[in-house]
Amino acid sequence: MGITQKQIAELAGVSIGTVDRALHDRGRVDPKVAVRIKQIAKELGYRPNSVAQSLSILKRNLKIAVILHIQSHNAFFDDIIRGILKCKEEISDFGIAVEIKECPDFNAREQLKLINQAVEEGISAIAIVPINHPVIKERLNELHKQQFPVVFLTNIIDDTEYLSFVGCNYNLTGSITAGLLNLVCPKSGKLLLFSPSFQMLGHIHRMNGLKTSLEQEYPQIHLQDVIEMTGNDIKDYHLTRKALEAFPDTNVIVCPGGYSCGNLQAIQEMGYFKSSRIICYDSSAEIEKELRNRNITATIIQQPQLQGYTAVRTLFEYLSSGKSPASKNQFIQTRIILKENLSEI
């Protein structure tokens, strides 16, 4: 028969509750006592009873809410949702419910209502794509003080506490973009940056990472302007045409790809598929088609399905065993996709 928590408690001279908290890193335990308990458990080869653990989780009726910041789907968030649903299926045997709540696009007040609604419904934890707004920051900080677990999914906001962030390293992604631009345009570049909404703080960090790297490492590439896209194809189409008309000598373009079909349509209609080198973010059927046609040079993907999966998995492990992530910021690796490795998406 395997070693039990009761036996560890007797050897350590503490209660069973203290042993449980120490082994699962939850609650208040004197650090020296926790080290002693873990050492005893390791020496005796303690393994948790997975069957008993499963039954224990089932009895707790745990629920996870995933709160998005938009209702209008795009290819990126379709993949985020696929990852969420994959993890939901995996943990369903433990009786943990996962519910996705969608917010009217970038409406902070409505997202606040969804947070409050989730708490009132008895939700055990929240994964959220947080809108960068004071009311959201204030409420999430309140939840953190109450030791309510919140994971930030694909976007991070400043001055706010959280259990973990799951997403790409946006600043690094901006630097990677700059390095890629240098490879495709080593002599002289006139760049236009079309970015997704700056209501996502991550997009600001990515832009700043790009700007800093261009200024410090690749001054031959001149950033002419930054145009914020809306996610509305008609509006983005006209914003893109206006920008290209203002900067007709543009020969390098960075665009949000799957976020805005209107953006790509205007670039194509105005002949910039042939006269410019184009770098995109993320993937969609349209991007993949133009990569095959070599109208788009490369796209930088953030592995959204893995992001959605990891956010829910992080909360599952925290709720079921008290396990916190090894790193507060769980950066998902970005990847550069060319025509040659499209099959790897």
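The values are calculated or read from the model by the stated rules, or taken from the named source; none is laboratory data. Not measured: the values here are computed from a predicted model. Cβ placement follows ideal geometry from the backbone for every residue including glycine, while neighbour counts extend to all protein chains displayed. Remember, those area values only see protein heavy atoms, side chains included, never the ligands or the DNA or RNA. Shrake-Rupley method; radii C 1.70, N 1.55, O 1.52, S 1.80 Å.
Scan the range 244-299 for residues that are crowded, with 20+ Cβ neighbours inside 10 Å and of a type in the set (D, E, K, R) and report the count.
2
Considering only residues that are open to solvent by 50 Å² or more (accessible area, probe 1.4 Å), in contact with a Lys or Arg (Cβ under 9 Å, 6 or more places away or on another chain) and not polar (S, T, N, Q), which ones fall in the range 120-171?
If the condition is that a residue be open to solvent by 50 Å² or more (accessible area, probe 1.4 Å), in contact with a Lys or Arg (Cβ under 9 Å, 6 or more places away or on another chain) and not polar (S, T, N, Q), then 121, 133, 158, 159, 161 are the ones that fit.
Any residue in the range 169-182 that is at pLDDT below 95 and over 16 Å from the mean Cα position of the chain (by Cα)? I'd like the intermediate steps shown before the answer.
Taking the range 169-182 first, the residues at pLDDT below 95 are none.
Within the range 169-182 (the criterion being at pLDDT below 95 and over 16 Å from the mean Cα position of the chain (by Cα)), the answer is no, since none of the residues qualifies.
Going through the range 99-119 one residue at a time, which ones are part of a strand (DSSP E or B) and surrounded by fewer than 15 Cβ atoms within 10 Å (Cβ to Cβ)? Before you say what the answer is, go through the steps one by one.
Of all residues in the range 99-119, those part of a strand (DSSP E or B) come to 99-101.
Answer for the range 99-119, where residues must be part of a strand (DSSP E or B) and surrounded by fewer than 15 Cβ atoms within 10 Å (Cβ to Cβ): just 99.
Pairs under 6 Å by beta carbon, first residue under 13 Å from residue 183 (Cα atoms) in the range 204-226, partner in a helix (DSSP H, G or I), six or more apart or different chains?
Matching pairs, first to second residue: 214/178; 218/178; 218/182; 221/181; 221/214.
Report, ordered by the first and then the second residue, all pairs with beta carbons closer than 7 Å, sequence separation of six or more or different chains, a first member in the range 316-345 that is without any contact (Cβ under 8 Å) to a residue 24 or more places away in the chain, and a second member that is open to solvent by 60 Å² or more (accessible area, probe 1.4 Å) and in a loop (DSSP other than H, G, I, E, B).
317/323
Could you look through the range 113-161, keep only residues that are of a type in the set (Ser, Thr, Tyr) and in contact (Cβ under 8 Å) with a residue 40 or more places away in the chain, and pick out the one that is nearest to residue 69 (Cα to Cα)? It would help to see each step written out before you state the result.
Looking only at the range 113-161, we keep the residues that are of a type in the set (Ser, Thr, Tyr), and these are 124, 154, 160.
Now drop any that are not in contact (Cβ under 8 Å) with a residue 40 or more places away in the chain, which leaves 124, 154.
Numbers: 124: 20, 154: 11 Å.
Per the criteria, the residue is 154.
Please determine whether any residue of the range 203-219 is at pLDDT below 95, farther than 29 Å from residue 133 by Cα and crowded, with 17+ Cβ neighbours inside 10 Å.
No, there is no match, as no residue in the range 203-219 is at pLDDT below 95, farther than 29 Å from residue 133 by Cα and crowded, with 17+ Cβ neighbours inside 10 Å.
I'd like to verify a number: residues in the range 275-329 that are of a type in the set (Lys, Arg) and assigned to a loop (DSSP other than H, G, I, E, B), how many? If you could, list the steps in order and put the result at the bottom.
So in the range 275-329, the residues of a type in the set (Lys, Arg) come out as 277, 289, 292, 294, 313, 323, 328.
Then drop every residue that is not assigned to a loop (DSSP other than H, G, I, E, B), which leaves 294, 323, 328.
Qualifying residue count for the region: 3.
For the range 127-149, give me the residue count where each residue is touching a helix residue (DSSP H, G or I) at 6+ places or on another chain (Cβ under 6 Å) and either outside any helix (DSSP H, G or I) or within 29 Å of residue 213 (Cα to Cα) (or both). Steps first, answer last, please.
Narrowing the range 127-149 to residues touching a helix residue (DSSP H, G or I) at 6+ places or on another chain (Cβ under 6 Å): 127, 130-133, 135-136, 139, 149.
With either outside any helix (DSSP H, G or I) or within 29 Å of residue 213 (Cα to Cα) (or both) added as a condition, the list becomes 127, 130-133, 149.
Residues flagged as touching a helix residue (DSSP H, G or I) at 6+ places or on another chain (Cβ under 6 Å) and either outside any helix (DSSP H, G or I) or within 29 Å of residue 213 (Cα to Cα) (or both) within the range 127-149 amount to 6.
Looking at this structure, is residue 192 open to solvent by 40 Å² or more (accessible area, probe 1.4 Å) and within 28 Å of residue 244 (Cβ to Cβ)?
Judged against the criteria, residue 192 is not a match.
Within the range 235-248, is there a residue that is in contact with a helix residue (DSSP H, G or I) (Cβ under 8 Å, 6 or more places away or on another chain) and either modelled with pLDDT under 95 or not in a helix (DSSP H, G or I) (or both)?
No, because not a single residue in the range 235-248 is in contact with a helix residue (DSSP H, G or I) (Cβ under 8 Å, 6 or more places away or on another chain) and either modelled with pLDDT under 95 or not in a helix (DSSP H, G or I) (or both).
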